[in-house]
Amino acid sequence: MPELLRVSAIRPFKLLGTQPIVQVWSLYCAYLWGILYLLIATFPDVWTDTYKESVSIGSLNYISLFVGMGLASQVGTRIADRYYKKLCAQNGGQGLPEFRLPILIFGACIIPVGLFWYGWSVRPNVHWIMPNIGAAIYGGGTVLEVLCVMGYIIDTYQKYAASTM
């Protein structure tokens, strides 16, 4: 048991240090989550200073992230699975990890749109719903990207998928 514990504790670091796929996708996901954290960190100032909302009312704007992320997780996974099955059928019923990635392109396109929308609409003369829409788009794009990356990693490293996450 101690040997199994040692091997299981070392394996994630070994994969991260030796597998370029794991390194690149880890950096990409860290970048996305870092920007999401920065976006969330701006929320208190945006809603209390720019839009003069109370703290309790301003905190309701976090719901926009929940809506964007929830919608992307539900709709995005269904669309990604549909694409995956279609590509598997075209490949003679054989699935490849790369078949998880086409939706990644869409997510990569809407992330900058959401950030741009959020950034340019945070002004007192613009309605408060506009930054919320941008935040929802960014949050949805981030979840879509992470789901695609996780599907790809799981299909690539099937036996050690938990260690690569």
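A short reminder: the numbers here are calculations on the coordinates, not readings from a lab. On a predicted model such as this, the values are computed, not experimentally measured, just so you know. So basically every Cβ, Gly included, is an ideal-geometry build from the backbone, and we count neighbours across all protein chains shown.
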Distance from the Cα centre of the range 127-165 to that of the range 62-98, in angstrom?
-> 11
Can you give me the pair-distance distribution of the range 2-164, C-alpha pairs, 10 Å bins, whole percents?
-> 10, 31, 27, 19, 10, 2, 0
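Report the full-extension gain for the segment VAL55 to PHE116: residue separation times 0.36 nm, less the Cα-Cα distance, to one decimal in nm.
Numbers: separation 61, 0.36 × 61 = 21.96 nm, distance 2.48 nm.
Extending this stretch completely gives an extra 19.5 nm.
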For the range 26-86, Kirkwood radius (reciprocal of mean inverse C-alpha pair distance, Å) = 13.7
Of LEU115, LEU27, LEU65, the most mobile residue in a GNM of the chain (C-alpha springs, cutoff 10 Å) is LEU27
Find me the longest stretch of the chain that has none of the exposed trypsin sites (Lys or Arg not before Pro), where exposed means in a DSSP loop (not H, G, I, E or B) with at most 14 other Cβ atoms within 10 Å.
-> 53-158
Taking the Cα centre of the chain as origin, sum charge times position over the Cβ atoms of Lys and Arg (+1) and Asp and Glu (-1), and report the length of that vector in debye to the nearest 20.
-> 440
